[in-house]
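Undergrad: Below you'll find the structure I mean.
The values are calculated or read from the model by the stated rules, or taken from the named source; none is laboratory data. Worth saying up front: this structure is predicted, and the values here are computed from it rather than measured. With ideal geometry, Cβ positions are generated from the backbone for all residues, glycine too; neighbour counts draw on all protein chains shown.
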Amino acid sequence: MQESSAVWKVLLLLALMLLFTLLAMGVWALCFGGNQSVNSLKVMQMLQTVGTFILPCLASAYIWSEKPWTWLSMDKKVGWKEGLAVFVLILVASPAVNLLASWNEKMVLPDFLSGLEELMKSQEEAAAALTEQFIRADNVWVLLYNLLLMALLPALSEETLFRGTLQQMMYKGTSSISTSNNSPNTKQHVAVWVSAILFSAIHFQFYGFVPRMLLGVLFGYLLLWSGSLWLPILAHFTNNAMAVILYNIYYMQGKNVDEIDALGTGDTLWLGILSIILTALGVYLIRKLLRLKQEGEIHKLLDEGGIDSAE
């Protein structure tokens, strides 16, 4: 019965995603008439982001639960300590992500899939060229617009879908995430990894699949450990915003923007390895910080209820 309910939830979510995507594309077509300029495509991406990810998840949550914000784990605030810790972690992890991406790029498919490999390469090159057009900013207002389009909206939309909806759907049904101090169970671990794989796969970038998947795993555990979707949203936003800002700093200074992705590889391989070590340490410390916070919240609730925590 529970499995049947989960299937219907997935079907409903997919139907709503299709419906809102069609509505978003219809609005774009009415406003721009199929214009393929960069500004027009930016608006299309914004509408698609809202229509394909955010609105279907919000609508589903309202249908599935009387407390939709609780269902999505968006009702719990994030403290400045854990927020700052996650912000620093993402900055520290950047060279490690670059190193993993460089290793991922060296992956070669079997000979019988060579045609598929060439197709993926050409698609990724075309996507990279379009992204460069999107990301470039000639003034501060365009930069802020790009941060909204390529950092804030993706963080909100993708985390709401993959972590707030799909991940929790796999292990909690219609209940909100537990913030108990117990270690995650097998079902929760599987949900984190499956949602991370889907998160990476939907970007259709084979040569960046591994680092993006591992970032998705990190985002998933941040939700699992904290009980708040805002923490993975912050991590996701920081990652994307850093890429947008660094690109434009290099672009405005006339530097080679490829140097950004090379940090932590080649001559700076030592930095990539150090980044992996520091990132692992940072994840451990954040887990410990979140556990201590949860213990404090539990003791506070017990004290307010007049219950002896030693019982």
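Undergrad: Scan the range 184-241 for residues that are crowded, with 17+ Cβ neighbours inside 10 Å and among the basic types (K, R) and jot them down.
TA: Selection gives R212 alone.
Undergrad: While we're here: How many residues does the range 23-59 contain that are loosely packed, with under 12 Cβ neighbours inside 10 Å and modelled with pLDDT of 90 or more?
TA: 1
Undergrad: Between residues in the range 219-245 that are closer than 30 Å to D258 by Cβ and residues that are among the charged types (D, E, K, R) and not in a helix (DSSP H, G or I), which pairs lie under 8 Å by C-beta distance while being six or more apart or on different chains?
TA: none
Undergrad: Please state which of the following conditions L47 fails to meet, knowing it meets all the rest: (1) hydrophobic (A, V, I, L, M, F, W, C); (2) in contact (Cβ under 8 Å) with a residue 40 or more places away in the chain; (3) assigned to a helix (DSSP H, G or I).
TA: Looking at each condition in turn, L47 falls short on (2).
Undergrad: Do we have any residue at all in the range 76-97 that's touching a residue at least 24 places away in the same chain (Cβ under 8 Å), in contact with a Pro (Cβ under 6 Å, 6 or more places away or on another chain) and closer than 30 Å to K288 by Cβ? Explain how you work it out, then say what you get.
TA: First, pick out the residues of the range 76-97 that are touching a residue at least 24 places away in the same chain (Cβ under 8 Å): 76-79, 81-83, 85-97.
Next cut, in contact with a Pro (Cβ under 6 Å, 6 or more places away or on another chain) only: 97.
So of that shortlist, the ones also closer than 30 Å to K288 by Cβ come out as 97.
For the range 76-97, residues touching a residue at least 24 places away in the same chain (Cβ under 8 Å), in contact with a Pro (Cβ under 6 Å, 6 or more places away or on another chain) and closer than 30 Å to K288 by Cβ: present.
Undergrad: Give all pairs with beta carbons closer than 9 Å in which a residue from the range 106-118 that is aliphatic (A, V, I, L, M) meets a residue that is outside any helix (DSSP H, G or I) and surrounded by 10 or more Cβ atoms within 10 Å (Cβ to Cβ); count only pairs at least 6 apart in sequence or on separate chains.
TA: If the second residue must be outside any helix (DSSP H, G or I) and surrounded by 10 or more Cβ atoms within 10 Å (Cβ to Cβ), the pairs left are L116/L109.
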